[in-house]
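Q: One structure, pasted below without further comment.
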Amino acid sequence: MHIQGIDEITFGASDLATCRRFFTDWGLTLLDETPQQLVFETLNGCRVRVAHGDTPGLPPGVEPDPTLREVVWAVGSAAELDACRERLRGQPGYIDDGQRVGCTDPNGLAVRVQVTRKRPVQLECARTNTWSERPRVNRPAPAYERAQPVEVGHVVFFVLDLAATTAFYEQCLGFVVSDRYPGRGHFMRCAPEGGHHDLFLLAPPIPRKGLNHVAFTVRDLHEVIGGGMHMSRCGWTTELGPGRHPISSALFWYFENPAGALVEYYTDEDELTADWTPRDFTPGPTVFAEWAIKGGIDGHTRRQVNAEAPSGRFMTDKPKA
């Protein structure tokens, strides 16, 4: 059995109009809209649902809305779904409707597995010229006016019992730990070979359950910047970024999300194999971000928020002291 990543997520929220505007600005495609729910998708067909809290069949949340109510993980075949069926059978909240199997994880989250609906996509991405390698020849790097997320790359939750929740994902879904905050957090990937993490479990100093953020993968750093500045122009609030995570190497930009907690654009995370040895880190601001811009970049001035707007002159075009 091999979990391939996230196939669908569902938020519970009451202000669907604001969520519609937010996720459209974020770069998702609206597939369906009813008075009760919105359905979006990313470039590769990963789905994002936003549903009213009283929608029939919506799983309960681990915290009051707005928050993430359900995560659906992907497998590649019916045979792998059968393997999940055997592993999950007998778990609390077990369900099986023929197309999806699932249960409730130890933190209270609705976890589902289905044969993936995502489609392969081939995208042109920026190539980086370094001192040693110069793959980009006679071609400028791209610039983006906005982002179009490729997929939902990972989810991050606050958990009450880190050990039990980690063991569930290891034993029932085959996840492996990539790196650790000992006793405080586990970065986990779906399989031995893959991106640095698909799931991050955090036990905060003051115990609680809830959503920390949902992360959307984009092509490259230039799309993180273009997407973030577009969101800024649309009036949405930056939590932190752009910046870079030292642990996963990913470049990021976080925004406040009307459907719950935060959302992140990110790119360029580490790729790991079974030869990787998990590392232990002490939580702290310099471990979270090698560098980051507080307040983001203003999409109009293209400078840090509240910084002086450009004058139209060259930087060197000023009188000598």
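Q: Looking at the range 1-48, which of its residues are farther than 23 Å from Leu123 by Cα and either among the polar types (S, T, N, Q) or touching a Pro at 6+ places or on another chain (Cβ under 7 Å) (or both)?
A: Result: Thr10, Phe11, Gly12, Ala13, Ser14, Asp15, Thr18, Cys19, Phe22, Thr34, Gln36, Gln37.
Q: Quick check on Leu30: is it in a strand (DSSP E or B) and in contact with a helix residue (DSSP H, G or I) (Cβ under 9 Å, 6 or more places away or on another chain)?
A: Details: in a strand (DSSP E or B): yes; in contact with a helix residue (DSSP H, G or I) (Cβ under 9 Å, 6 or more places away or on another chain): yes.
When the stated conditions are applied, Leu30 passes them.
Q: If you go through the range 277-306 one residue at a time, how many are part of a loop (DSSP other than H, G, I, E, B) and over 30 Å from Glu193 (Cα atoms)?
A: Let us first name the residues in the range 277-306 that are part of a loop (DSSP other than H, G, I, E, B), namely 277-278, 281-284, 289-290, 293-296, 298-303, 305-306.
Adding the requirement that they be over 30 Å from Glu193 (Cα atoms) leaves 293-296, 298-303, 305-306.
So the answer is 12.
Q: Would a scan of the range 18-31 turn up a residue that is hydroxyl-bearing (Ser, Thr, Tyr) and either within 17 Å of Gly108 (Cβ to Cβ) or surrounded by 20 or more Cβ atoms within 10 Å (Cβ to Cβ) (or both)? Please lay out each step first, then the result.
A: The initial filter retains those residues of the range 18-31 that are hydroxyl-bearing (Ser, Thr, Tyr), namely 18, 24, 29.
Checking which are either within 17 Å of Gly108 (Cβ to Cβ) or surrounded by 20 or more Cβ atoms within 10 Å (Cβ to Cβ) (or both) leaves us with none.
No.
Q: Specify which of the listed residues (His186, His213, His197) is in a loop (DSSP other than H, G, I, E, B), crowded, with 19+ Cβ neighbours inside 10 Å and in contact with an Asp or Glu (Cβ under 9 Å, 6 or more places away or on another chain).
A: Values: His186 fails: in a loop (DSSP other than H, G, I, E, B); His213 fails: in a loop (DSSP other than H, G, I, E, B).
Only one candidate qualifies: His197.
Q: So, one more: Determine, yes or no, whether Asn138 is at pLDDT 95 or above, part of a loop (DSSP other than H, G, I, E, B) and on the phi > 0 side of the Ramachandran plot. Break it down stepwise before answering.
A: Numbers: at pLDDT 95 or above: yes; part of a loop (DSSP other than H, G, I, E, B): yes; on the phi > 0 side of the Ramachandran plot: yes.
Answer is yes for this residue.
Q: Go through the range 99-126 and give me each residue that's basic (Lys, Arg) and either surrounded by 14 or more Cβ atoms within 10 Å (Cβ to Cβ) or part of a strand (DSSP E or B) (or both).
A: Of the range 99-126, the ones basic (Lys, Arg) are 100, 112, 117-119.
Matches in the range 99-126: Arg100, Arg112, Arg117, Lys118.
Q: Could you check how many residues of the range 256-286 are surrounded by 13 or more Cβ atoms within 10 Å (Cβ to Cβ), of a type in the set (Val, Ile, Thr) and modelled with pLDDT under 95?
A: Residues that pass the stated criteria total 0.
The rows are residues; the columns are (1) in contact (Cβ under 8 Å) with a residue 40 or more places away in the chain; (2) closer than 26 Å to Cys190 by Cα.
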| residue | (1), (2) |
| --- | --- |
| Asp32 | no, no |
| Val50 | yes, yes |
| Pro64 | no, no |
| Leu68 | yes, yes |
| Asp82 | no, yes |
| Arg89 | no, yes |
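The values are calculated or read from the model by the stated rules, or taken from the named source; none is laboratory data. Treat the numbers as computed from the prediction; the structure is a model and nothing was measured. No Cβ is skipped: glycine too gets one built from the backbone with ideal geometry, and neighbour counts run over all protein chains shown.
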